[in-house]
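**Student:** Please see the structure below; I have some questions.
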Amino acid sequence: MPQKGGFARNVKRAADIGCRSLQVFLGNPTAWNPPRPDPKETENRRQLLKEQGISPLVVHTPYLINLAAAKEEFYHKSRKLLRQTVMNAHDLGSPFVVLHVGSHGGRGYKEGLNQFISTLEEELMDNWPPGIELLLENTAGAGTSLGGTFISLGNILKALGDGAPLGICLDTAHAWAAGYDLSTPEGVEKSLAELSETVGMDRIKAIHANDTGTPRGSNRDRHAHLGEGNIGEEGFMAFFSYPWPEDLPVILETPEMGSHWDAINMASLRLFSGACREASKES
Ligand SMILES: [Zn+2]
């Protein structure tokens, strides 16, 4: 959902084009202070989501958050902002908060990862609101960023244990940029087998379905309209022929959000997922 236009207008627009789940930023994604909405407004938003049949609401954390940051001030601000975002998401009845694993900033992969894991341990133990899962999103793997490979995400999940309120949000464009082939049935099969071995399919709680305009393995992130990028129609058809759970939220983060393109991408998503599965069942 785009930022501009306001919450209510965008929720109605999304419902009009047939969305059943929705992802939002609760404020400016590149600012340190999320707004603390007043309880009345929060109640109105909850009511509107219910009326429009939108569930689950997925909340994306601001991009600034880096729990692997070396700089003390940056790190503490990140923790505070994560906590505020999670509390705001909880107030809105959202079960999922998406977080990027962050970046070690040049001081070494292991040190950055250890700090990320120990921070999550503390956060998830310390009055974590009930009913909310933190979803780690795989990244394009650029520079010093963590969480580009399935094995690295799997290791984080393992370190925090099976009972942690922690899952994965799989972004198809980021996986492609990190080197996973999702453009052919064989590539999808291989990539999902690796995902299953390292992360476990039961830990995938949301999908970011994005096509991509960059070469595979380039670590560059540029989303494209569904079926018009390098993953393409064949790739998405193969990806969605996997028996994903029926209630898995699939989110579009395609270009020109808020324009007529949203309806086109929704139609493509339906074609590549549910509809093609139905058709293959019949034939
Ligand atoms: Zn994403």
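The values are calculated or read from the model by the stated rules, or taken from the named source; none is laboratory data. What you see is a predicted model; the values in this text were computed from it and never measured. Note: ideal-geometry Cβ built from the backbone for every residue, glycine included; neighbour counts use all protein chains shown.
**Student:** Which residue out of Asn88, Asn127 is surrounded by fewer than 22 Cβ atoms within 10 Å (Cβ to Cβ), at positive phi and polar (S, T, N, Q)?
**Tutor:** Working: Asn88 fails: at positive phi.
Exactly one residue qualifies, and that residue is Asn127.
**Student:** Only one of Glu189, Glu194 is of a type in the set (D, E, K, R), away from the ligand (no atom under 16 Å from the Cβ) and either over 19 Å from Gly141 (Cα atoms) or in contact with a Lys or Arg (Cβ under 8 Å, 6 or more places away or on another chain) (or both). Can you tell me which? Break it down into steps so the answer makes sense when it comes.
**Tutor:** Details: Glu194 fails: either over 19 Å from Gly141 (Cα atoms) or in contact with a Lys or Arg (Cβ under 8 Å, 6 or more places away or on another chain) (or both).
None of the others qualify; the one that does is Glu189.
**Student:** Shifting gears a bit: Does region 241-256 contain any residue that is touching a Pro at 6+ places or on another chain (Cβ under 7 Å) and not small (Gly, Ala, Ser)?
**Tutor:** Restricting attention to region 241-256, the residues satisfying the condition of being touching a Pro at 6+ places or on another chain (Cβ under 7 Å) are 249.
Next, only the ones that are not small (Gly, Ala, Ser) stay: 249.
Looking through region 241-256, at least one residue is touching a Pro at 6+ places or on another chain (Cβ under 7 Å) and not small (Gly, Ala, Ser).
**Student:** So, of the residues in region 252-283 that are touching a helix residue (DSSP H, G or I) at 6+ places or on another chain (Cβ under 6 Å) and among the hydrophobic types (A, V, I, L, M, F, W, C), which turns out to be modelled with the lowest pLDDT?
**Tutor:** In the first step, residues of region 252-283 are kept if they are touching a helix residue (DSSP H, G or I) at 6+ places or on another chain (Cβ under 6 Å); the result is 252, 254, 272-273, 276.
Narrowing the set further to residues that are among the hydrophobic types (A, V, I, L, M, F, W, C) leaves 252, 272, 276.
Values: Leu252: 97, Phe272: 93, Cys276: 51.
Taking the candidates together, the pick is Cys276.
**Student:** Same structure, new question: Quick check on region 30-51. Is at least one of its residues under 22 Å from Ile207 (Cα atoms), of a type outside the set (D, E, K, R) and surrounded by fewer than 18 Cβ atoms within 10 Å (Cβ to Cβ)?
**Tutor:** So far as region 30-51 goes, no, none of its residues is under 22 Å from Ile207 (Cα atoms), of a type outside the set (D, E, K, R) and surrounded by fewer than 18 Cβ atoms within 10 Å (Cβ to Cβ).
**Student:** What number of residues in region 134-146 are buried (at least 20 other Cβ atoms within 10 Å of the Cβ) and away from the ligand (no atom under 12 Å from the Cβ)?
**Tutor:** Here is the first cut: in region 134-146, the ones buried (at least 20 other Cβ atoms within 10 Å of the Cβ) are 134-136, 138-141, 145-146.
Subsequent filtering for residues that are away from the ligand (no atom under 12 Å from the Cβ) retains 134, 141, 145-146.
Counting residues in region 134-146 that are buried (at least 20 other Cβ atoms within 10 Å of the Cβ) and away from the ligand (no atom under 12 Å from the Cβ) gives 4.
Results for (1) under 27 Å from Pro35 (Cβ atoms); (2) modelled with pLDDT of 95 or more, shown as yes or no for each residue.
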site	(1), (2)
His90	yes, yes
Phe96	yes, yes
Leu99	yes, yes
His104	no, no
Tyr109	no, no
Phe116	yes, yes
Asn138	no, yes
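**Student:** Considering region 218-250 alone, what residues qualify as being closer than 22 Å to Leu22 by Cβ, among the hydrophobic types (A, V, I, L, M, F, W, C) and touching an Asp or Glu at 6+ places or on another chain (Cβ under 7 Å)?
**Tutor:** Initial filter on region 218-250 (closer than 22 Å to Leu22 by Cβ): 221, 223-227, 236, 239-240, 244-250.
The next check asks that each one be among the hydrophobic types (A, V, I, L, M, F, W, C); those that pass are 224, 226, 236, 239-240, 244, 248, 250.
Passing the criteria: Ala224, Leu226.
**Student:** Quick test of your reading of the structure: Val250 fulfils all but one of (1) under 19 Å from the mean Cα position of the chain (by Cα); (2) surrounded by fewer than 22 Cβ atoms within 10 Å (Cβ to Cβ); (3) of a type outside the set (Phe, Trp, Tyr); (4) over 20 Å from Ser183 (Cβ atoms). Name the failing condition by number.
**Tutor:** Only one criterion in (1) under 19 Å from the mean Cα position of the chain (by Cα); (2) surrounded by fewer than 22 Cβ atoms within 10 Å (Cβ to Cβ); (3) of a type outside the set (Phe, Trp, Tyr); (4) over 20 Å from Ser183 (Cβ atoms) is unmet by Val250, namely (4).
**Student:** Still on this structure, I have one more. Are any residues in region 177-197 of a type in the set (S, T, N, Q) and either surrounded by 18 or more Cβ atoms within 10 Å (Cβ to Cβ) or without any contact (Cβ under 8 Å) to a residue 24 or more places away in the chain (or both), and if so, which ones?
**Tutor:** Going residue by residue through region 177-197, those that are of a type in the set (S, T, N, Q) are 183-184, 191, 196.
Result: Ser183, Ser191, Ser196.
Table: residues versus (1) more than 19 Å from Ala69 (Cα to Cα); (2) part of a loop (DSSP other than H, G, I, E, B).
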position: Glu121; (1), (2): no, no
position: Pro130; (1), (2): yes, yes
position: Ala142; (1), (2): no, yes
position: Ile151; (1), (2): yes, no
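Matching residues to (1) within 16 Å of the ligand (Cβ to nearest atom); (2) touching a helix residue (DSSP H, G or I) at 6+ places or on another chain (Cβ under 8 Å):
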{"site": "Gly106", "(1), (2)": "no, no"}
{"site": "Tyr109", "(1), (2)": "no, no"}
{"site": "Ser118", "(1), (2)": "no, no"}
{"site": "Gly131", "(1), (2)": "no, yes"}
{"site": "Ala178", "(1), (2)": "yes, no"}
{"site": "Pro185", "(1), (2)": "no, yes"}
